[in-house]
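Asker: Supplied in structure tokens, the structure appears directly below.
The values are calculated or read from the model by the stated rules, or taken from the named source; none is laboratory data. What you see is a predicted model, and the numbers here were worked out from it, not measured in a lab. Don't worry about glycine lacking a Cβ; one is built from the backbone with ideal geometry, like all the others, and counts go over all protein chains shown. Each accessible area value is taken on the protein alone, full model and side chains, heavy atoms only, with ligands, DNA and RNA left out. Shrake-Rupley method; radii C 1.70, N 1.55, O 1.52, S 1.80 Å.
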Amino acid sequence: MTSNAQRLPATSDNQQYDAQERDLVLRGLTSDVKTLLPSLFYDTAGAALFEQICELPEYYPTRTELSILAEHSAALAAAAGESVALIEYGSGAGIKVRLLLDHLERPVAYVPVDVSQAQLLRVAEERAMQYPGLQVLPVCADYTQPLSLPKLSPAARRVAFFPGSTIGNFHPTEAAAFLHRVRHTVGPQGGMILGVDRRKDPQVLHDAYNDAAGVTAAFNLNLLTRLNRTLGATFDLGTFRHVAFFNDAASRIEMHLESTIAQQVRVADVDITFEAGETIHTECSYKYDEPRLEALAEAGGFRIATLYTDARDWFWVAWLRAV
Ligand code: AVI
């Protein structure tokens, strides 16, 4: 297995913290507009809550994307062609990729990329058993950073797979930079299969991030539980509330944690002051229309070849070709 994972040990006065996490968190919490990186959501409890989100009646993206893949994976596989090396960014449980692998003509390699080593190895082993003859080359890495991939046959056509509308969690400039790196990896003959959540009725979007069962709120608040554990923080969860709304001008859902009182919280031995009503911005989830998606593809060195959608026009699985 290739590993690009890096952990930096660090100390504070009286406790060991992960230096990278401490620096990123403190940079976000001491900036003018308090922010936390969405990658912090996915500790064990957060990953389990996200799985619950995907099952919620209000959270349509997962099941909508699956329905598009189920209907169009034969067409996607035909567009990708023969002898593909499929590189999946953020492979997770690796369920969706099976729909593609089932239809691809003599795929030569599957390269799942994920930070969670245990899950990555489990998925790699399962896929190797299910698809005899397929080379499975797991890479343990944070795909938002430049990656070194294992050597792939020069004859293989490289196709990137990035489902889940995770591209929406990148700011547009970061999304373009990410696509640009993918374009470099797949080369001039390569392609990309990209899951994209579409702009739609703001009420539908609002409900998807404000579910009645409160699972998204628990997912958001779990960030504070994480920081209490990993950085010795003193967040009182009873004094923060989940806020999510559609910012129409920016075409994105914003998630925040709002402090309901004026207070001071200690995080990794640093005091952070909150006014009543002040928020920590925890996530953006951009929703694309065609001009925005075209601009993104072009900035990343791709062009849109085909857009597959669902009956309600809520989601796209886009087939992008390198230019
Ligand atoms: C992972 N990502 C695509 C999800 C989204 O919809 O932006 C994360 C999420 N946040 C709240 N609900 C789901």
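Asker: With Cβ to Cβ distances under 11 Å as the rule, what net charge do the other residues near residue 34 carry (K, R +1; D, E -1)? Could the numbers behind the result be given before it?
Answerer: Details: positive: 27; negative: 32, 258, 275, 278.
Around residue 34, the charge tally is -3.
Asker: Moving to a separate point now. For the stretch 277-287, what does the Karplus curve 6.51 cos²θ - 1.76 cosθ + 1.60, with θ = phi - 60°, yield as ³J(HN,Hα) per residue in whole Hz, taken in order and with x for Gly and Pro?
Answerer: Once θ is set to phi - 60°, the couplings for the stretch 277-287 become x, 6, 10, 9, 7, 9, 7, 10, 10, 6, 10 Hz.
Asker: Still on this structure, please answer the following. What per residue convex hull volume, in Å³, comes out for the chain when only alpha-carbon positions are used?
Answerer: Working: hull volume 41.8 nm³, N = 323.
Expressed per residue, the convex hull around the Cα atoms of the chain is 129 Å³.
Asker: Using 0.36 nm per residue, how much length does the chain from residue 189 to residue 93 gain when fully extended, once their Cα-Cα distance is taken away? Please report the intermediate quantities before stating the final value.
Answerer: Numbers: separation 96, 0.36 × 96 = 34.56 nm, distance 2.82 nm.
Additional length available on full extension: 31.7 nm.
Asker: Note down the net charge around residue 252, summing +1 for each Lys or Arg and -1 for each Asp or Glu among other residues with Cβ under 11 Å from its Cβ. Let's see the in-between values first.
Answerer: Values: positive: 199, 287, 292; negative: 197, 248, 254, 283.
Around residue 252, the charge tally is -1.
Asker: So what's the net charge close to residue 94: Lys and Arg +1, Asp and Glu -1, counting the other residues with Cβ under 10 Å from its Cβ?
Answerer: Numbers: positive: 96, 98, 122, 127; negative: 88, 114, 126.
Value of the local net charge: +1.
Asker: Could you report the chain's accessible area per residue, 1.4 Å probe, as an integer in Å²?
Answerer: 46 Å²
Asker: Probe radius 1.4 Å, ligands and nucleic acids ignored: give me the carbon and sulfur share of the accessible area of the stretch 94-194 as a rounded percent.
Answerer: Working: 2590 of 4730 Å².
Roughly 55 percent, rounded to a whole number.
Asker: Could I ask something else about it? Amide H of residue 245 versus every other amide H placed in the peptide plane: which residues, excluding those fewer than 5 positions away on the same chain, fall under 5 Å?
Answerer: Excluding prolines and chain starts, which carry no amide H, the hits are 254.
Asker: Also: For residue 44 and residue 270, calculate 0.36 nm times their separation in residues minus their Cα-Cα distance, and state this gained length in nm to one decimal.
Answerer: On the way: separation 226, 0.36 × 226 = 81.36 nm, distance 2.56 nm.
That works out to 78.8 nm of additional length.
Asker: For the pair residue 106/residue 323, report the inter-label distance in nm, with labels modelled 7 Å from Cα in the Cβ direction.
Answerer: 3.2 nm
Asker: Can I ask one more? Would you mind giving the average projected area, over all directions, of the Cα convex hull of the stretch 64-215 in nm² with one decimal?
Answerer: Result: a mean projected hull area of 10.1 nm².
Asker: Taking each pair of different alpha-carbon atoms in the stretch 189-323 once, compute 1/r for the pair, average those values, and report the inverse of that mean as the Kirkwood hydrodynamic radius in Å to one decimal.
Answerer: Details: mean 1/r = 0.0580 Å⁻¹.
Result for the stretch 189-323, one decimal place: 17.3 Å.
Asker: 7 Å from Cα along Cα→Cβ at both residue 33 and residue 241: what's the point-to-point distance in nm?
Answerer: Distance between the two pseudo-spin positions: 2.2 nm.
Asker: From Cα pairs below 8 angstrom and at least 6 apart in sequence, can you work out the relative contact order of the stretch 237-323, rounded to a whole percent? Display every interim value, and only then the final one.
Answerer: Values: 135 pairs, mean separation 17.2, N = 87.
Value for the stretch 237-323: 20 percent.
Asker: Using Stokes-Einstein with the Kirkwood hydrodynamic radius over Cα pairs, what translational diffusion coefficient do you get for the stretch 152-267 at 20 °C and a viscosity of 1.002 mPa s, in µm²/s rounded to a whole number? Let's see the in-between values first.
Answerer: On the way: Rh = 17.3 Å.
The diffusion coefficient I find is 124 µm²/s.
Asker: Oh, and also: Restricting things to alpha carbons, tell me how big the stretch 252-323 is in terms of Rg and Dmax, in Å.
Answerer: 19.9, 52
Asker: Going by average Cβ density within 10 Å per residue, which order do the peptides 148-161, 65-78 take, highest to lowest?
Answerer: Numbers: 148-161: 16.7, 65-78: 18.4.
So the peptides 148-161, 65-78, ranked by packing, come out 65-78, 148-161.
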